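Scroll down for the structure; my scribbles are underneath it.
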Amino acid sequence: MLPKNDKAYVEMVKRLLPSLKRREKGPYAIFECFQEIPCNPCLTACRKGAVDIFIDINHLPIINYEKCNGCALCVIACPGLACFVIDETYTKTETSIKLPYELLPLPKAGQEVEALDRQGNVVGKAMVIRVQNHKKMDHTCIIAIAVLKEQSLVVRNIRY
Amino acid sequence: MQSTEIAIIGGGPAGMCAAQAAAEQGARVTLIDRGKQLGGQLVKQTHRFFGSEYEYAGIRGIHIANILEDAVRKLDNIEIKIDSTVLAIYGDGVITIEEGENYKKLTSKKTIISTGASEKMLVFTNNDLPGVYGAGAVQTLMNEHGVIPGENVLMIGAGNIGLIVSYQLIQAGVKVAAVIEAAPQFGGYHVHAAKIKRIGVPILTSHTIKEAIGKEFVEGAVICRLDANWKQIAGTEKKLDVDVICLAVGLSPLVELLWHAGCQMKYVPQPGGYVALRDRDLQTTVPGIYIAGDASGVEEASSAMIEGKIAGLSAAEALGYNKNASHMKAKYMEEINILRAGNVGKKVREGLKMLAV
Ligand SMILES: Cc1cc2nc3c(=O)[nH]c(=O)nc-3n(C[C@H](O)[C@H](O)[C@H](O)COP(=O)(O)OP(=O)(O)OC[C@H]3O[C@@H](n4cnc5c(N)ncnc54)[C@H](O)[C@@H]3O)c2cc1C
C-alpha cells in the first residue's frame, strides 16, 4: 500500500538508502517504487548496470550502489516519475535533489521556489540549481534543487 | 466485393502488431480503423508508458503509435483503411464497412477483432449535464485537439486512467479539485497516484458522487462518503465548485462484432464484462475469428501488442505461412505470461482461466 502520510513514507524511503559511506561519496539514485507492477524502463535505461537485473518484470528494482553514480538517466526514464537523485555532499547544510518535472513553465536556475512534500504541502523553500531540458529528454525535465539537509527525504516537488 | 487474406478490425496497438506479424509471414492483410489515424488509445496518451522495454515502455504513447504505424506502412502487403467503420460481420463471412461516405463489402479468410474497449457510465443525478465527460473524451479534446474541457475538474475513479488523465489535466493547466474513488483503496498504480499527490491533488477513497449541480451545464458537484458496505453516509455531503466532472470508472471490451459473428461469449468481471472464449492461438469458438487487445479483455498496451502478434502469427500460420511462426509464437506467449505473472496480473490470470477453450 502507498504510505498514508509523509512520515510513514519517509520511513520506507529510509530503508532504501545506501550506506552512510556511499552517501558521503556523492550523488546516488533512489527509486520510490514500492508496488510490484510489470515495468522495467529503469533497468534498461541505466548505462552503469546499477539496477540489479530482474527477470520477472513485476519485481521491484534494486540499486547496486557500488555502480550507481547518480547520473539521473533513470529519473528521465521512469514512467512513474519515481526516481530521484540525492546528493548529500552538495554543501555543508544543503542537499541537492534532482526531480523529474513535466509541467510548464519551467523554473530558472537561481530562482527560489516553494518546496513541497509528497502530499503537496509546502514545507519550506528550495533554490533551483539547474534545469536540464534537452531534446532527448522528451519533455521530462530534471530540476536540481537545494534544500536543507534535514529535508532531503521530505521534499519531492516544487511550486512557484 | 473486395477480398483479403486477413482482415484486422481495429488499428490500435493490438491491431497494428497483428498486421505486422501476419504480413511479415507473407499474408495479405487489410487493416481497418474507424479513426482518422491509426493508433487507437495511443494517440491520446502523452505520458510515458509503463510496461516492458520490448513494448516500448518508457516512451510516450503518442510516439509508440508512430513507431508501430511506421512499421505497418513499410509492409506493402498491408492495405490500410482509415475513417472506415466495420458495421457487421455476416454469417457468410462478409464484412461490411462504412468507408468514408461509401458502403463497402469485404471477405476475408481470417479475421482478427481488435476493437479495443468502451468506457463505463455512472448513474447519479444530472449525469446528463454538459460538463460531464468520459475520461476518453477529455483526452481526445485536450491531447488531440488542444482544447481544455474546463477550469476545475472533479475526477471520478482512481484507477490508472483516472490518475493519469488527472495528471494530464494539470499539465494542460487545468485544476483538479479532487480524485474520488468508491473503493477503500485506489486501484491505479502507486506511482501514478504519487505524481498527482505531490502536486497537491487529494485522492479521496470511499467517496462517491451524489449529484451534479447546474441548470445548463455543470456548476458544481456533491460528493459524499461511503461506509464499509458502499452505502452513502448521510451528513457527509460536500459541495465542490467544479465545472467538469470526469468519469474514469472502468472499461468494457468492445465486443459487438464478436456477438454478431456468433462467437461464444461469457460474462467475466475481471476482463471487464462480456468477452469471447478463446484458445491458445486467440481463436474464438468461430473458426477463423481471432481476438487481441482490450477487445479480448481490458488490460494494457504491452499485453495488447503481444496478443496482436500472437493472433497475427496464428492467423497467418493457419493460412499456411510459416517463417518460424510457431517458434515466435511460443516466445510471445512466454513474454505475455511473464507480464501477467505478478500481483497486478492476478485479475487477468483469473479471468483468462474462465475463458479458455
Ligand atoms: C488514460 C490511459 C492511460 C494508459 N496508460 C497505459 C500505459 O501507461 N501503459 C500501457 O501498457 N497501457 C496503457 N493504457 C492502456 C492502453 O492504451 C490500451 O490497453 C491499449 O490501447 C489497447 O489496445 P487495443 O489495440 O486493444 O485497443 P485500442 O487502442 O482501443 O484500439 C482499438 C481501435 O479499434 C478501432 N475500432 C473500434 N471499433 C471499430 C469498428 N467497428 N470498425 C473499425 N475500427 C474500430 C478504434 O477506432 C481504435 O482505434 C492506457 C489507457 C488509457 C485510457
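The values are calculated or read from the model by the stated rules, or taken from the named source; none is laboratory data. These figures come from a predicted structure and were not determined experimentally. Note that we place each Cβ from the backbone using ideal geometry, even for glycine, and neighbour counts take in every protein chain shown. These area figures cover heavy atoms from the full protein model, side chains too; ligands, DNA and RNA do not enter into them. Shrake-Rupley method; radii C 1.70, N 1.55, O 1.52, S 1.80 Å.
Restricting the search to segment B:27-50, which residues are within 11 Å of the ligand (Cβ to nearest atom), buried (at least 22 other Cβ atoms within 10 Å of the Cβ) and under 16 Å from B:Lys104 (Cα atoms)?
B:Leu31, B:Ile32, B:Asp33
How many residues does segment B:134-154 contain that are within 13 Å of the ligand (Cβ to nearest atom) and either within 14 Å of another protein chain (Cβ to nearest Cβ) or touching a residue at least 40 places away in the same chain (Cβ under 8 Å) (or both)?
Number of matching residues: 8.
Residues in segment B:232-245 that are under 30 Å from the mean Cα position of the chain (by Cα) and in a loop (DSSP other than H, G, I, E, B): how many?
2
Here is a check on your reading of the model: is B:Tyr267 in contact with a strand residue (DSSP E or B) (Cβ under 6 Å, 6 or more places away or on another chain), away from the ligand (no atom under 16 Å from the Cβ) and assigned by TED's automatic domain parsing to the domain that holds B:Gly93?
Against the criterion (in contact with a strand residue (DSSP E or B) (Cβ under 6 Å, 6 or more places away or on another chain), away from the ligand (no atom under 16 Å from the Cβ) and assigned by TED's automatic domain parsing to the domain that holds B:Gly93), B:Tyr267 qualifies.
Of all residues in segment B:27-56, which are under 23 Å from B:Leu313 (Cα atoms), within 14 Å of chain A (Cβ to nearest Cβ) and not in a helix (DSSP H, G or I)?
Across segment B:27-56, the qualifying residues are B:Gly51, B:Ser52, B:Tyr56.
So which strands (runs of 3 or more DSSP E) stay within segment B:89-191 end to end and still have 2 or more residues that are open to solvent by 20 Å² or more (accessible area, probe 1.4 Å)?
By residue number, B:94-99, B:102-113, B:117-119, B:132-134, B:175-180.
Can you go through B:Glu79, B:Glu24, B:Glu69 and tell me which one is in the same structural domain as B:Trp259 (by TED's automatic domain parsing), open to solvent by 20 Å² or more (accessible area, probe 1.4 Å), more than 7 Å from the ligand (Cβ to nearest atom) and not in a helix (DSSP H, G or I)?
None of the other options fit; the residue is B:Glu79.
Has segment B:199-222 got at least one residue that is among the charged types (D, E, K, R) and either open to solvent by less than 40 Å² (accessible area, probe 1.4 Å) or in contact with a Lys or Arg (Cβ under 9 Å, 6 or more places away or on another chain) (or both)?
There is no residue in segment B:199-222 that is among the charged types (D, E, K, R) and either open to solvent by less than 40 Å² (accessible area, probe 1.4 Å) or in contact with a Lys or Arg (Cβ under 9 Å, 6 or more places away or on another chain) (or both).
Step by step: first the residues of segment A:44-62, then only those that are within 8 Å of another protein chain (Cβ to nearest Cβ) and not in a loop (DSSP other than H, G, I, E, B), then the one that is nearest to B:Ser303 (Cα to Cα). Which residue is that?
Here the residue is A:Thr44.
Hey, can you tell me all the residues within segment B:155-171 that are among the aliphatic types (A, V, I, L, M) and more than 9 Å from the ligand (Cβ to nearest atom)? Lay out the reasoning, then the answer.
Filtering segment B:155-171 for residues among the aliphatic types (A, V, I, L, M) gives B:155-156, B:158, B:161, B:163-165, B:169-170.
Passing the criteria: B:Met155, B:Ile156, B:Ala158, B:Leu169, B:Ile170.
Of all residues in segment B:1-21 being of a type in the set (Gly, Ala, Ser) and in a helix (DSSP H, G or I), which is surrounded by the most Cβ atoms within 10 Å (Cβ to Cβ)?
Filtering segment B:1-21 for residues that are of a type in the set (Gly, Ala, Ser) and in a helix (DSSP H, G or I), the one surrounded by the most Cβ atoms within 10 Å (Cβ to Cβ) comes out as B:Ala18.
Considering only segment B:271-305, how many residues are surrounded by fewer than 19 Cβ atoms within 10 Å (Cβ to Cβ) and within 16 Å of the ligand (Cβ to nearest atom)?
Qualifying residue count for the region: 1.
Take the residues of segment A:63-82 that are among the aliphatic types (A, V, I, L, M), within 11 Å of chain B (Cβ to nearest Cβ) and not in a loop (DSSP other than H, G, I, E, B): which is most open to solvent (accessible area, probe 1.4 Å)?
Within segment A:63-82, the match that is most open to solvent (accessible area, probe 1.4 Å) is A:Leu73.
Can you name the residue in segment A:31-43 that is open to solvent by less than 30 Å² (accessible area, probe 1.4 Å) and touching a helix residue (DSSP H, G or I) at 6+ places or on another chain (Cβ under 7 Å) and, of all such residues, is nearest to the other protein chains (Cβ to nearest Cβ)? Please lay out each step first, then the result.
Here is the first cut: in segment A:31-43, the residues open to solvent by less than 30 Å² (accessible area, probe 1.4 Å) are A:31-32, A:37-42.
Among the residues that remain, those that are also touching a helix residue (DSSP H, G or I) at 6+ places or on another chain (Cβ under 7 Å) are: A:31-32, A:38, A:40-42.
Values: A:Phe31: 10, A:Glu32: 7, A:Pro38: 5, A:Asn40: 6, A:Pro41: 3, A:Cys42: 9 Å.
Top of the filtered list is A:Pro41.
Quick check on this structure: which one of B:Gly61, B:Gly12 is within 8 Å of the ligand (Cβ to nearest atom) and in contact with a Phe, Trp or Tyr (Cβ under 8 Å, 6 or more places away or on another chain)?
Numbers: B:Gly12 fails: in contact with a Phe, Trp or Tyr (Cβ under 8 Å, 6 or more places away or on another chain).
Going through B:Gly61, B:Gly12 in turn, just one is within 8 Å of the ligand (Cβ to nearest atom) and in contact with a Phe, Trp or Tyr (Cβ under 8 Å, 6 or more places away or on another chain): B:Gly61.
Identify all residues within segment B:155-187 that are under 14 Å from B:Gly250 (Cα atoms) and either away from chain A (no Cβ under 14 Å) or modelled with pLDDT under 95 (or both); write none if there are none.
Correct list: B:Met155, B:Ile156, B:Gly157, B:Ile161, B:Gly162, B:Val165, B:Ile180, B:Ala182, B:Phe186, B:Gly187.
Any idea which of B:Lys323, B:Lys331, B:Lys309 is on the phi < 0 side of the Ramachandran plot, open to solvent by 20 Å² or more (accessible area, probe 1.4 Å) and within 16 Å of the ligand (Cβ to nearest atom)?
Sole residue among the options that is on the phi < 0 side of the Ramachandran plot, open to solvent by 20 Å² or more (accessible area, probe 1.4 Å) and within 16 Å of the ligand (Cβ to nearest atom): B:Lys309.
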